[in-house]
Each structure stands twice: as C-alpha cells, then as structure tokens.
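Notes follow once the structure below has been shown.
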Amino acid sequence: GQWRMALNVDNTQHLWIHNMTLELSGGDGIYLSTGNRNTTITHVTSRLNYRQGLSVIDSHGLLVENSIFESTDGTAPMGGVDIEPNTPLEKSVGLVFRHCIFRNNSGSQFYVSLHAYSNDSTPVDVLVENCVMDGGARPTHRTVHCTWVSRQATQATLPEAEPRATAAPLCSVT
C-alpha cells in the first residue's frame with residue numbers, strides 16, 4: 001500500500017540527507033513525519049514513487065536544495081512535494097526549497113494541504129526560490145494566501161485558493 005516509504009524520518013534533529021536517489025517506493029520517496037528539526041536535503045532525486053516525492057508533516061527548519069522530485073504516479077495526491085500537516089498542532093515553519101525541479105508528477109508539482117489546520121494553528125512558512133515546476137495533471141488545491149518567489153513554470157501549478165470558511169490565513173510565503 002501507500003505506506004511503504006523509501007525513507008521515513010521521525011523525531012530527528014540536524015539530519016542531512018545527501019546525494020541519494022529514492023525511487024519505486026510503494027508510498028512516498030521521503031516522508032518527514034513528526035518532530036523533525038533542522039533537516040537538510042541536498043542533491044536528492046525522488047522519482048517514480050507511488051504517492052509523493054516528499055511529504056512534510058511536521059518540520060521546523062527544512063532546507064531542500066538542488067533536488068529533483070519527478071514522475072510520481074499511483075495513488076492520490078501523486079505530487080512532487082506535499083506540505084501536509086495531519087493535525088492542527090503539527091507545524092511547517094522555516095521551510096526553504098531552492099534550486100529544485102518538480103516535474104511530470106501525475107498530480108501537482110507542489111501542494112500545501114492544510115485540511116487538518118484550524119484557526120489556532122501555527123501559520124505555514126515556506127519559501128520556494130528559483131525552482132522549476134513543469135507538467136502535472138491538475139492544479140494545487142487548498143493553498144491559502146501563498147505567494148511564490150522566483151518560480152518558473154509551464155503551467156499554473158500553484159494558484160491561490162479561497163480559504164475554507166473556518167480557515168484563517170495560514171500560509172505566509174515570501
């Protein structure tokens with residue numbers, strides 16, 4: 001099933017994932033579960049995974065540089081990256097994606113999924129800088145008040161959506 005991640009990271013501090021190829025997993029290439037602080041992912045290729053290239057559930061301080069997330073296909077959402085806290089208390093703050101390529105994923109290239117958030121949740125803080133987003137079958141959903149910086153794309157993969165009736169502005173990106 002979808003829970004067979006290539007790399008499942010939980011409760012780490014100062015982790016460096018470098019120079020790896022993660023492919024053909026039954027779930028996510030990389031799954032950053034709860035309690036991760038100061039994680040760095042560099043020169044990683046995550047391709048041909050079944051659910052996501054990278055899922056970020058709860059992370060404080062994440063730098064992803066010079067990495068490729070591509071050709072995800074199998075079970076929804078099938079994205080390159082998904083920032084997806086599972087509870088209102090999980091946080092995604094200090095996330096930076098720089099010089100990355102997100103391409104040919106069957107879903108969107110980059111999701112920010114805040115369905116579990118409430119008015120009391122900590123705002124998501126994501127910087128997407130000098131990345132290329134190419135391809136994908138459908139636009140990103142459930143993004144709230146996001147601005148994307150230095151993004152090149154061949155299609156509109158990161159639209160802003162109206163917040164749900166109970167949601168506050170939860171995504172601050174500069």
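The values are calculated or read from the model by the stated rules, or taken from the named source; none is laboratory data. None of these values were measured; they are calculated from a predicted model. Here the Cβ is made from the backbone with ideal geometry for all residues, glycine too, and neighbour counts use every protein chain on show. Surface accessibility is based on the protein's heavy atoms, side chains included, excluding ligands, DNA and RNA. Shrake-Rupley method; radii C 1.70, N 1.55, O 1.52, S 1.80 Å.
Every residue, every condition in (1) in contact (Cβ under 8 Å) with a residue 24 or more places away in the chain; (2) crowded, with 17+ Cβ neighbours inside 10 Å; (3) under 25 Å from PRO123 (Cα atoms); (4) among the polar types (S, T, N, Q), yes or no:
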{"position": "ASN36", "(1), (2), (3), (4)": "yes, yes, yes, yes"}
{"position": "HIS43", "(1), (2), (3), (4)": "yes, no, no, no"}
{"position": "PRO77", "(1), (2), (3), (4)": "yes, yes, yes, no"}
{"position": "SER92", "(1), (2), (3), (4)": "yes, yes, yes, yes"}
{"position": "GLY107", "(1), (2), (3), (4)": "yes, yes, yes, no"}
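Considering the conditions (1) modelled with pLDDT under 90; (2) assigned to a loop (DSSP other than H, G, I, E, B); (3) open to solvent by 30 Å² or more (accessible area, probe 1.4 Å), LEU158 is excluded by exactly one of them, (3).
Of everything in the range 9-34, what is open to solvent by 30 Å² or more (accessible area, probe 1.4 Å), within 25 Å of SER106 (Cβ to Cβ) and hydrophobic (A, V, I, L, M, F, W, C)? Give them in sequence order. Listed by number, the residues that qualify are MET20, LEU24.
Taking the range 87-127 as the range and being among the β-branched types (Val, Ile, Thr) and over 15 Å from SER59 (Cβ atoms) as the test, only ILE101 passes. Looking at the range 64-74, can you tell me whether even one residue there is buried (at least 19 other Cβ atoms within 10 Å of the Cβ) and under 20 Å from ASP10 (Cα atoms)? Yes: the range 64-74 contains one or more residues that are buried (at least 19 other Cβ atoms within 10 Å of the Cβ) and under 20 Å from ASP10 (Cα atoms).
Having 1 or more residues that are charged (D, E, K, R), touching a Lys or Arg at 6+ places or on another chain (Cβ under 8 Å) and within 20 Å of GLY135 (Cβ to Cβ) is the bar; report the strands (runs of 3 or more DSSP E) wholly within the range 17-73 that clear it. Output list reads 28-32, 68-70.
Among the criteria (1) open to solvent by less than 40 Å² (accessible area, probe 1.4 Å); (2) touching a Lys or Arg at 6+ places or on another chain (Cβ under 9 Å); (3) aromatic (Phe, Trp, Tyr), the one PHE97 does not fulfil is (2).
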